[in-house]
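The block underneath contains the structure these notes are about, expressed in structure tokens.
The values are calculated or read from the model by the stated rules, or taken from the named source; none is laboratory data. Since the model is a prediction, treat every value here as computed from it, not as a measurement. Cβ sites come from the backbone with ideal geometry, for glycine too, and all protein chains shown count toward neighbours.
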Amino acid sequence: MSHYCKEPDYTHGNVAKTGILLINLGTPDAPTPQAVKFYLKQFLSDPRVVEIPRVLWWLILNGIILQTRPKKSAEKYASIWDAHEGSPLRFHTEKQAKLLQGWLSGHINSPFVVDYAMRYGNPSIDSVLNRMSEQGCERILCLPLYPQYAASSTASAMDDVYRYFMTKRNQPELRTIKHFHDDPGYLSALTKHIKKHWQQTGRPDILVMSFHGVPRYTLDKGDPYHCECHKTGRLLAEALDLSADEYRITFQSRFGRAEWIKPYTAGTLAELGHAKTRRVDVVCPGFVADCLETLEEIAIEVKNEFITAGGGEFHYIPALNENSAWIQALGELALKHLNGWVSSDWDKAVEKQLGAASRQRATALGAKQ
């Protein structure tokens, strides 16, 4: 029995489409212990995320973590869940995909589709790639929405893409974007976004740039994530004309007892609180869409730590989300990698004629359609 999935029905002469797939981390389907448990099991079972012996980790994950953590995490998700739109990460990513489709429509005439998927949870990468296959996408650009590359994020997303294509008899052409941590458009969008916030609220004493953390051993083993975060932070500080004592680069979301890359965001904010810092702003350049790690961990938990320690004002600067400069930057990034695949002077009438001729030749040779 074949291990390949069924291919869509083929019609000679159909015009091939180009697909642009945005990939983000993922989210539970609901802020409930059951939904969170399903999500966490998928996420924490990924060997890219947790690099310890599988048997030992299986016992820890199933015997301890999945018995205790889902209820606590569900309460955190409930605190940031939107009553109408649901998961912030999902609805922001979905809106980004729709806005990108609209922006690219002003620059591309040839047929293309933009869609989004989640590495863990729904919509799954498999389901969206399958939909693209059914839509006739013979070229696909995968764009993981992680500005800074890490094996536990970008590489894991691409692992899932490659696994899907191992089941395809008729594989499409494939391109991937590794990172955009120093992309001028991304940095410009961030800079404008922060400056607009400051125009409305004034400037802080310290700007904290908080990135998602990873275990220290990943840096020692050659993962470039730490370096790329620091480059983003340095370039952003330069664009904002910040001196060395006016900003900090930190890392959040530590999990487990192992050492992670430092300094830790929570510890840094506590120190700034103890120092009676008048005002701190926190921005998370590694997240292009707001999610649990920004809206709950930073805007609620870390804020409380700062104020409890004696700090003054705390401002969380939202992620780029549907920011128009970010959508333009995303579009320009995609266009650069779509070079040769899409066209602004594509002629539908000509392609229709060519398609009809191709179908006629195929049917003359015995094809059904």
Of everything in the stretch 48-106, what is more than 30 Å from Glu332 (Cβ to Cβ) and among the hydroxyl-bearing types (Ser, Thr, Tyr)? Give them in sequence order. Thr68, Ser73, Tyr77, Ser79
Within the stretch 307-327, tally of residues that are in a loop (DSSP other than H, G, I, E, B) and of a type in the set (S, T, N, Q): 2
Count of residues meeting criterion [closer than 20 Å to Trp260 by Cα and either touching a Leu at 6+ places or on another chain (Cβ under 7 Å) or without any contact (Cβ under 8 Å) to a residue 40 or more places away in the chain (or both)] in the stretch 41-60: 8
With the first residue restricted to the stretch 105-127 and required to be free of Cβ contacts under 8 Å to residues at least 60 places away in the same chain, and the second required to be of a type outside the set (A, V, I, L, M, F, W, C), Cβ contacts under 7 Å at 6 or more apart or on different chains are Asp126/Tyr164
Residues of the stretch 163-188 satisfying the condition of being among the hydroxyl-bearing types (Ser, Thr, Tyr) and part of a loop (DSSP other than H, G, I, E, B): Thr167
Would you check if Cys284 is touching a residue at least 24 places away in the same chain (Cβ under 8 Å) and within 26 Å of Asp220 (Cα to Cα)? yes
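Only one residue in Ala244, Ala258 is over 14 Å from Ile194 (Cβ atoms) and either modelled with pLDDT under 95 or in contact with a Cys (Cβ under 8 Å, 6 or more places away or on another chain) (or both). Which one?
Details: Ala244 fails: either modelled with pLDDT under 95 or in contact with a Cys (Cβ under 8 Å, 6 or more places away or on another chain) (or both).
When all the criteria are applied, what remains is Ala258.
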Could you list all residues from the stretch 294-310 that are of a type outside the set (Ser, Thr, Tyr) and buried (at least 24 other Cβ atoms within 10 Å of the Cβ)? Ile298, Val302, Phe306
Evaluate the stretch 313-331: report whether one residue or more is within 21 Å of the chain's Cα centre (by Cα) and charged (D, E, K, R). yes
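A quick yes/no check of all residues on (1) under 17 Å from the mean Cα position of the chain (by Cα); (2) polar (S, T, N, Q):
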position: Thr32; (1), (2): no, yes
position: Val36; (1), (2): no, no
position: Tyr39; (1), (2): yes, no
position: Val55; (1), (2): no, no
Count - residues of the stretch 165-177 that are farther than 15 Å from Asp126 by Cα, charged (D, E, K, R) and surrounded by 13 or more Cβ atoms within 10 Å (Cβ to Cβ): 1
In the list Val350, Val280, which residue meets the criterion of being of a type in the set (A, V, I, L, M, F, W, C) and in a strand (DSSP E or B)? Val280
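Just need a number here: residues in the stretch 142-164 that are among the aromatic types (Phe, Trp, Tyr) and free of Cβ contacts under 8 Å to residues at least 24 places away in the same chain. Don't jump to the end; show me each part of the working.
From the stretch 142-164, those among the aromatic types (Phe, Trp, Tyr) are 146, 149, 162, 164; that's our starting set.
Now drop any that are not free of Cβ contacts under 8 Å to residues at least 24 places away in the same chain, which leaves 162.
Residues meeting the conditions: 1.
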Please tell me if Phe180 is surrounded by fewer than 19 Cβ atoms within 10 Å (Cβ to Cβ) and of a type outside the set (D, E, K, R). no
Among (1) part of a helix (DSSP H, G or I); (2) in contact with a helix residue (DSSP H, G or I) (Cβ under 6 Å, 6 or more places away or on another chain); (3) under 24 Å from Trp81 (Cβ atoms); (4) not small (Gly, Ala, Ser), there is one condition Leu330 misses while meeting the rest; what is its number? (3)
Would you check if Gly222 is surrounded by fewer than 22 Cβ atoms within 10 Å (Cβ to Cβ), at pLDDT 95 or above and in a loop (DSSP other than H, G, I, E, B)? yes
For the stretch 193-218, the count of residues that are under 30 Å from Ser152 (Cα atoms) and buried (at least 16 other Cβ atoms within 10 Å of the Cβ) equals 13
